[in-house]
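For reference, the structure discussed in these notes is given below.
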Amino acid sequence: RVTVDGGEFLSEGRVAGLFEDMVRERRKSCEVQVFLKSWCYDAALRLYRTTVREECRVLLPVPTKEAMGFVLREFDPDPESGLWNSGGTVWLKTVGTASQLLSILYCAFKHCYMDRRNKWGQTCLQVACFENSCDSHYDVIYNCVEKHSCDAHALDMNGKTAHDLLLIKKVRLGEASGSVLREEVIFERREEMVGQMWDDFIQREKESGEKRCLRILEACCVESDRHENEKEGSTTTKKKSTQSKAPNADTLSVKEWSMLMSPNFSDKVRTIAGYDEYKTKDNGDDDGLIFYVHTRTLEEEDAALLLQNLYRQKHCRPVPASSMTWKTRAFAFDKPDDVVAEERRRRGWDVLRDRSSRSERQLKDVDGHTWTEYIDGMSGEFFFYCDDTGESRWEEPVRPD
């Protein structure tokens, strides 16, 4: 016997007395005499501490709030039982009779025992799933799930459920590492699995090659930065002094920018990183100002203005006051960060091309441009350079069919 008085642990009389005592202690005489479901955990603790002998408590684990919550969710004999509080604002869940409390306590203590954990945080169901090999523990797993309703969602110390432990690959000394089903699946899907493994290998090799090429180009960019710092001189100083005369870009309106872009005032120098670089024509005093136009932003702003004008014409809306005019974001006197990064990247390609050997192989892409193959003597990597556009790339250009 595990009880202090030698009687049955979960007898109807013992639970009925506990039911009446807790209702009398916790409910006022003017209130409805009911047993709240929020008391079930306290009832289990009280029954455990007052009934189970000290030397027998190692055999019967103390109930937990998690186990009681699981039981109330899954095995509540009357989940709809309850009543409103005196103010009619809160629904109080109740246990209707002592027999229902007995059923709840029975399930709670049973699950505390069945879901007791070892030093790896595993329940008996998880241990059976982990030890299973070729359905060796089928009966144990069946009884734990179907007869005792063990918690199949419980996690061990590694965050694994019983289902995870059942499917995990297990290799033990002196035992077969597979099963008939597994071998049949492997045989049927062999070509598919080999193809998938090969695709994964090619993808890993491609990613590794891309990282290696990026490291090579970055080293060349660092070398070009060093050369640029050594070339500082009067030309750079004059250029900086000229560019310092540029007005604030925010003070110019869209009309003024458009006028500045016209061929009468500026010449287009190049297109780089999505920007058109312009230089104002010489006026005899200096070399002219350089400014940048982001073509995509300019097209979006022009489209937005066109839609606004069409909307005003259709709905007869007035033009906003001059104080509400917006400022364009497509123009800038300062060199954008994307242009700086692209210039640095191109200087890195120039350093790489200067130290590389030019092969005799030339390719024509779909646009008709000619690409020349180079090989870097330090790393052994191949890359391609287009004389027509000045573009360099690691990948072989797409050729016409």
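The values are calculated or read from the model by the stated rules, or taken from the named source; none is laboratory data. Keep in mind the model is a prediction, meaning the values are calculated, not measured. Cβ coordinates were reconstructed from backbone atoms using ideal geometry, including for glycine residues, and neighbour counts include every protein chain displayed. Surface areas here come from the heavy atoms of the whole protein model, side chains and all, with no ligands, DNA or RNA. Shrake-Rupley method; radii C 1.70, N 1.55, O 1.52, S 1.80 Å.
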Taking P(r) over Cα pairs in 20 Å bins from 0, in percent as the quantity of interest, determine which of [x] 16, 25, 18, 27, 15, 1; [y] 15, 16, 14, 13, 11, 12, 12, 5, 2, 1; [z] 15, 34, 34, 15, 2 was computed from the displayed structure.
[x]
Counting only the backbone N, which residues of the range 43-74 are under 16 Å from the spot 7 Å out from the Cα of residue 11 toward its beta-carbon?
47-48, 50-53
Beyond 21 Å (Cα-Cα) in this structure, taken from 268/327; 281/335; 28/93, we find 268/327
Rounded to whole angstrom, the alpha-carbon centroid of the range 39-97 lies from that of the range 326-372 at a distance of 73 Å
Angle, helix 65-74 long axis vs. longest principal axis of the chain, Cα atoms, 0 to 90°, nearest 10?
80 degrees
Could you put 190, 361, 329 in order of accessible surface area, largest first, with the 1.4 Å probe and the full protein assembly present?
329, 190, 361
Can you sort 340, 71 by solvent-accessible area, 1.4 Å probe, largest first?
340, 71
When Lys and Arg each count +1 and Asp and Glu each count -1, what net charge do the other residues less than 12 Å away from residue 141, Cβ to Cβ, add up to?
-3
With a sphere of radius 9 Å drawn around the Cβ of residue 269, what net charge do the other residues whose Cβ falls strictly inside it have (Lys, Arg +1; Asp, Glu -1)?
0
By accessible area of protein heavy atoms, probe 1.4 Å, what ranking do 302, 401 get, highest first?
401, 302
Tilt, helix 98-114 to longest principal axis of the chain (alpha-carbon atoms), in degrees rounded to tens, equals 60 degrees
Can you tell me the accessible area per residue over the chain, all protein chains present, probe 1.4 angstrom, in square angstrom?
67 Å²
Sort 127-134, 312-319, 264-271 by packing, meaning the average of other beta carbons within 10 Å per residue, with the highest value first.
127-134, 264-271, 312-319
Ordering of 108-118, 24-34 by packing [mean C-beta count within 10 Å, highest first]:
108-118, 24-34
Grab the DSSP H runs of the chain that are 4 residues or longer, score each as -39,500 (n - 2.57), total them, divide by all residues and round the 222 nm result to the nearest 500 deg cm²/dmol.
-14500 deg cm²/dmol
Table column - 3J(HN,Hα) (Hz), the range 262-271, Karplus curve with 6.51, -1.76, 1.60, x for Gly and Pro
5, x, 6, 10, 9, 10, 6, 8, 6, 10
FRET efficiency for residue 135 and residue 74 from the Cβ-Cβ distance with R0 = 22 Å, rounded to 0.05, comes out at 0.25
Carbon and sulfur atoms: what percent of the 1.4 Å accessible area of the chain do they account for?
52 percent
Whose amide H sits under 5 Å from the amide H of residue 332, counting only residues 5 or more places off or on another chain, with H placed in the peptide plane?
292
For residue 84 the rounded accessible area (nearest 10 Å², probe 1.4 Å, non-protein molecules ignored) is 150 Å²
Using only Cα atoms and rounding to the nearest 10 degrees, what angle (0 to 90) does helix 40-51 make with the longest principal axis of the chain?
50 degrees
In nanometres, what is the gap between the two model label sites at residue 264 and residue 313, each 7 Å from Cα along Cα-to-Cβ?
2.6 nm
